[in-house]
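Input: a single structure, listed below in structure tokens.
The values are calculated or read from the model by the stated rules, or taken from the named source; none is laboratory data. Values in this document were obtained by computation on a predicted structure and should not be read as measured data. No Cβ is skipped: glycine too gets one built from the backbone with ideal geometry, and neighbour counts run over all protein chains shown.
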Amino acid sequence: MNYVGISCGFHDAGLSVVNDKGEIVFAGHSERYSKYKHDKDLCVDFIKDALRHIDGSFELHYYEKPWLKAIRQLRAGQRPGPFSMSNIIGPANMDAMAIKRTGKIHTHVHHKTHAAAGFQTSPFDRATVVVIDAIGEMDSISIWDATYDSNGYAQYKKLWGRKYPNSIGMMYSAMTKRVGLHPMDEEYILMGMSAYGKPIYSDKISDEFIADHNNVEFMRNLHVGVEDDFLGADADHMDIAASTQVLTEHLIKTIMAKARYLGQSKNLVYGGGVALNCLANRVLGDYFENIWIMPNPGDAGNSLGAAALGYGKKLTWTDAFLGHDIKGEYPIDDVMKELYTNKMVGVASGRAEFGPRALGNRSLLADPRGPEIKDKVNEIKRRQKFRPFAPIILEEHVDDYFDMPRGFSNSRYMQVIARCRHPDLFPAIVHADNTSRVQTVPKDGSGIRKLLERWYDETGCPMLLNTSLNIRGEPMVNDRSDADRFEKLYNLTVCS
Ligand SMILES: [Fe+2]
């Protein structure tokens, strides 16, 4: 039996397949196939690619309880569509997945699915799980005790929670919209802006939004956003960003303290879209000794959580390279040649990353040394000038270059920021506050690991600049034809 987990219908549709040995044989994002960013629907090419990895029969597991969500939508004054599973998943998707043939669709509680995506991929046999997102069906924050029974089946006991409209994720999205960015997409830009501002509005935002800090109760429903001139039409956007970040971290600290007390485990599993806030994540080690954040903690990752709940036991976790496969050896020689001649190169090799971040298989890599490289990479990326790029570094060298926050001996999926110890040498990968969003690469024999080893052997530098390989406005490159289009458009070699 295989377990197919699906998250779709809202944003960032994902699909994951777990086999009867607990191996994750496929996990991916619909957007990479449809080329439509944050695609909420499962597209046919995506389903076909996933089906190639299914050997034998399968059960389908959906990432939330549709009827609970419909009740919340009614309560919020929204009109849910015609209410049936076919409507939610889409008739074409139902046919393509042969769901009708396999019969029942199992549904799971949204926050429990987040919890399972984290806990059942984690190295822990017991953990306190914290989920913070914008909204599930009704839940917006939850704390769980998670363990395995004597037969190896995961057990989840909910310890505490908050429901809509009390939501840190919705607050962050509302403030993202307030500064003119796209909510549910560009929250990471608001986070990046916060390094340039002063948190002069955090008390005012707190007074306007928060009814009870200790219990994380809001007095406003931020689902609809805030007024365009909230805090004043002339309020500096960087200050708004810094203020929002400070308040967010304050609330996260409150929740983590509660979780540590209620859960009584030293192990933290953290999930939900707010777990992507790598700046806030530096506080987690103040409350827990060991931390696991799955590389895809948002709703697309819930497809894996749903499959995990179907399988029931601990999954075999290797790495995040679980999507579309561009077959062949990792092109180390070709990449090195381009780095020497052009200082910058694209890589599209092996299986695509599951999660929002390029981790080496669909990456634009560059020599991080010196002052010119940031502008050179930005000729292609055209991002806001204030935003730095990320470093990817051999894990055993990370402490020589970065001060890792407490609780993080590594950051294999770019989960946390760390202070750079030599910002002058690497200006392209350092933010205004001298921090970097670090990715560490262990001795795992992966292609990106071998490339970094070779780069270090030949240059003495154990890191590269790493940013996602995508055509502007499109999701990350998925297959070789995307890489060909990228090469043509930007006149930059993409090695496979
Ligand atoms: Fe969620």
Fill in the blank from the handout: For segment 366-412, the count of residues that are assigned to a loop (DSSP other than H, G, I, E, B) and over 21 Å from Cys461 (Cα atoms) equals 10
Exercise for the section: Among residues belonging to segment 169-207 that are within 16 Å of the ligand (Cβ to nearest atom) and of a type in the set (A, V, I, L, M), point out the one that is modelled with the lowest pLDDT. Expected result: Met184
Completion exercise
Taking segment 103-122 and keeping residues assigned to a strand (DSSP E or B) and away from the ligand (no atom under 15 Å from the Cβ) leaves Ile105, His106
Practice task
Sort out which residues of segment 443-462 are of a type in the set (D, E, K, R) and in a helix (DSSP H, G or I), and write them in order of number.
Solution key: Arg449, Lys450, Glu453, Arg454, Asp457, Glu458
Completion exercise
Only one of (1) among the small types (Gly, Ala, Ser); (2) away from the ligand (no atom under 16 Å from the Cβ); (3) touching a Pro at 6+ places or on another chain (Cβ under 8 Å) does not apply to Ser265, and that is (3)
Exercise for the section: Identify the residue in segment 1-57 that is outside any loop (DSSP other than H, G, I, E, B) and of a type in the set (Phe, Trp, Tyr) and, among all such residues, is nearest to Asp482 (Cα to Cα). Expected result: Tyr33
Exercise for the section: May I ask you to verify whether Tyr261 is touching a residue at least 60 places away in the same chain (Cβ under 8 Å) and more than 17 Å from Glu187 (Cα to Cα)? Expected result: no
Practice task
Could you please give the count of residues in segment 123-153 that are buried (at least 24 other Cβ atoms within 10 Å of the Cβ) and away from the ligand (no atom under 16 Å from the Cβ)?
Solution key: 3
Practice task
Return a yes/no flag: does segment 160-168 have any residue that is assigned to a helix (DSSP H, G or I), at pLDDT 95 or above and at negative phi.
Solution key: yes
Fill in the blank from the handout: When segment 246-258 is checked residue by residue, the ones that are of a type outside the set (A, V, I, L, M, F, W, C) and either closer than 20 Å to Met191 by Cα or without any contact (Cβ under 8 Å) to a residue 40 or more places away in the chain (or both) are Thr248, Glu249, His250, Lys253, Thr254
Problem - Enumeration of residues in segment 413-442 that are touching a Phe, Trp or Tyr at 6+ places or on another chain (Cβ under 7 Å) and outside any strand (DSSP E or B) - result: Val416, Arg421, His422, Ala428, Ile429, Ala432, Val438
Practice task
Take the residues in segment 469-496 that are of a type in the set (Ser, Thr, Tyr) and either modelled with pLDDT under 95 or over 15 Å from Asp325 (Cβ atoms) (or both), then tell me which one is surrounded by the fewest Cβ atoms within 10 Å (Cβ to Cβ).
Solution key: Tyr490
Problem - Test for Ser243: is it touching a Ser or Thr at 6+ places or on another chain (Cβ under 7 Å), more than 24 Å from Pro356 (Cβ to Cβ), among the hydroxyl-bearing types (Ser, Thr, Tyr) and in contact (Cβ under 8 Å) with a residue 60 or more places away in the chain - result: no
Fill in the blank from the handout: Residue hits (segment 436-454; more than 10 Å from Ile393 (Cα to Cα), surrounded by fewer than 23 Cβ atoms within 10 Å (Cβ to Cβ) and not small (Gly, Ala, Ser)) are Lys443, Asp444, Lys450, Arg454
Fill in the blank from the handout: Restricted to segment 266-283 and to residues being of a type in the set (Val, Ile, Thr) and more than 11 Å from the chain's Cα centre (by Cα), the residue surrounded by the most Cβ atoms within 10 Å (Cβ to Cβ) is Val269
Problem - Output for segment 273-332, where each listed residue is of a type in the set (Ser, Thr, Tyr), within 21 Å of His61 (Cα to Cα) and either more than 16 Å from the ligand (Cβ to nearest atom) or in a loop (DSSP other than H, G, I, E, B) (or both) - result: Tyr311, Thr316
Exercise for the section: Sort through Asp299, Asp286 and tell me the only one that's in contact (Cβ under 8 Å) with a residue 40 or more places away in the chain, surrounded by fewer than 21 Cβ atoms within 10 Å (Cβ to Cβ) and under 25 Å from Met175 (Cβ atoms). Expected result: Asp286
Problem - Test for Ile210: is it at pLDDT 95 or above, of a type in the set (Val, Ile, Thr) and either within 27 Å of His431 (Cβ to Cβ) or within 26 Å of the chain's Cα centre (by Cα) (or both) - result: no
